[in-house]
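The values are calculated or read from the model by the stated rules, or taken from the named source; none is laboratory data. Note that the structure is a prediction, hence the values are computed from the model and not measured. No Cβ is skipped: glycine too gets one built from the backbone with ideal geometry, and neighbour counts run over all protein chains shown.
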Amino acid sequence: MDQQLDSLLVLRKSYKWYKKLFLRLILQCALRAHKLYKMKGGKLDFLHFLHDVCSDMLMKLPKLNETQGPKKLDNLSRLTGRNHFPIKRHYEGTGAKKTAKVKQCRVCYARGLRTAKCWPVETTWACKGCPSLPGLCAETSCFEDYHTKVDYSSV
């Protein structure tokens with residue numbers, strides 16, 4: 001096993017000992033999985049097998065479709081963060097012209113939902129824990145769907 005793993009040159013001199021140990025254990029597990037794969041009739045060599053395993057694992061990650069900064073961070077933090085609580089957005093103006101700041105609900109927009117007059121669904125609620133402060137309906141399941149589903153556009 002040592003001879004097979006030494007040909008990969010994954011472990012560097014500059015790594016800390018715990019990183020070397022972690023990578024060594026991962027490679028040993030992968031080599032054992034490759035041997036099982038070969039016993040079942042697989043044709044790939046170890047390097048191509050390792051490449052396929054890594055690419056398959058990366059394909060399972062949530063996709064980052066947005067190209068803007070805060071929205072890109074939202075895709076990861078909305079599913080992993082723990083401080084997601086709905087907040088009511090502040091009011092603007094004074095006296096009789098006092099209006100609430102509204103945003104389009106991100107989940108309703110992704111699902112293509114509209115109001116009875118065919119306007120986009122707007123809400124005064126937002127998520128305090130997400131970097132872009134997305135507008136989310138607190139009355140419906142939009143807030144929960146946004147923070148628990150990878151693809152929140154489907155009902």
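Some points to look at:
- All positions within segment 21-43 that are among the basic types (Lys, Arg) and exposed (fewer than 12 other Cβ atoms within 10 Å of the Cβ): 32, 40, 43
- Scanning segment 79-106 for residues that are at pLDDT 75 or above, within 16 Å of residue 129 (Cβ to Cβ) and touching a helix residue (DSSP H, G or I) at 6+ places or on another chain (Cβ under 9 Å) returns 84, 86, 106.
- Evaluation of residue 67 against (1) modelled with pLDDT under 85; (2) more than 30 Å from residue 107 (Cα to Cα); (3) not in a helix (DSSP H, G or I) (one fails), failing number: (2)
- Residue 72 being in contact with an Asp or Glu (Cβ under 8 Å, 6 or more places away or on another chain), at pLDDT below 80, basic (Lys, Arg) and within 30 Å of residue 146 (Cβ to Cβ): yes
- Pairs linking a residue in segment 34-57 that is under 22 Å from residue 6 (Cα atoms) to a residue that is hydroxyl-bearing (Ser, Thr, Tyr) and surrounded by 13 or more Cβ atoms within 10 Å (Cβ to Cβ), with Cβ atoms under 8 Å and 6 or more positions apart or on different chains, are 44/37; 49/37.
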